[in-house]
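**Student:** One structure follows; several queries about it will come next.
Please treat every number below as a calculation from the coordinates, not as lab data. Everything numeric in this text was worked out from a predicted model, so none of it was measured. Positions of Cβ are backbone-derived with ideal geometry, glycine not excepted, and every protein chain shown enters the neighbour counts.
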């Protein structure tokens, strides 16, 4: 039985982090915790050692009207400028869009959008972007809190560089049709095996299957496909004990602490709401 020492979220939303925290599969936080990131963008960030993960961020505030701003005024809303010196054209009319996470439920909060991982089109439903990397719970204007994420990245790069065989990536997504779920399974499998990543991947997928959970394995990639309809919320709905039970059949978990032989930047633990409660790793 393979031993796992570290578990990391690999997207696509906060549920994978909830799962890891709930079942105590990690003793510290990862770079993708509490972030909305599509699978291929997550892979690219890992392969690039997160070189552009915190760079060229557009700060979106629903109380600000960006539409009538000049190019120079829009630039003032760019954070950590490095490779882009202006706002991407897809974001110029962002104030015309009423964002939502779920149908008919507006998402009226500020967040940061990474311009290196923008979708083909900025549409209202944030979770349906074909490409995404946006931060709903981070504050990049605060240097100490920005350092929290930099520390997570440095820890990940160290751990992954030294322990590829003992890391388990855990992902989560939900689809409205079983056809979309199977399409995503093929996409994830192909992308992962074409990437440089060698660690095991466990991916929970919810879809209206009307069948018992299905296990789909492709070498070191395992999918746990489970029936669910409607809007899923981890705190009020099923926490997938069958998935955790299955993991314990194929892995031996010996979860280790974060490494101490790296230099940590000064950082703050003061994150609001969900972060403050679940994310005390830094």
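**Student:** Compute the helix-to-body angle for 241-250: its Cα long axis versus the longest principal axis of the chain, expressed 0 to 90° and rounded to tens.
**Tutor:** Once rounded, one gets 60 degrees.
**Student:** How do 1, 69 rank when sorted from fewest to most other Cβ atoms within 10 Å of their own Cβ?
**Tutor:** On the way: 1 8, 69 16.
Exposure proxy ranking, most exposed first: 1, 69.
**Student:** Can you tell me what share of the DSSP beta bridges in region 57-135 is antiparallel? A percent to the nearest 5 is fine. Before the final figure, lay out each step's value.
**Tutor:** Details: 10 of 11 bridges.
Taking every DSSP beta bridge with both residues in region 57-135, the antiparallel ones total about 90 percent.
**Student:** May I pose another question? For the chain, what is the percent of antiparallel DSSP beta bridges, rounded to the nearest 5? It would help to have the intermediate numbers written out before the result.
**Tutor:** On the way: 18 of 40 bridges.
Expressed as a percentage, antiparallel bridges in the chain total about 45.
**Student:** Please give the length that would be gained between residue 84 and residue 97 if that part of the chain were fully extended, namely 0.36 nm times their separation in residues minus their C-alpha to C-alpha distance (nm, one decimal). Intermediate values should be presented prior to the final figure.
**Tutor:** Numbers: separation 13, 0.36 × 13 = 4.68 nm, distance 2.31 nm.
Value of the extension gain: 2.4 nm.
**Student:** Tell me, 2, 105, 75, 258 in order of fewest to most beta-carbon neighbours within 10 Å?
**Tutor:** 105, 2, 75, 258
**Student:** So, in Å, what gap is there between the alpha-carbon centers of region 95-141 and region 177-248?
**Tutor:** 23
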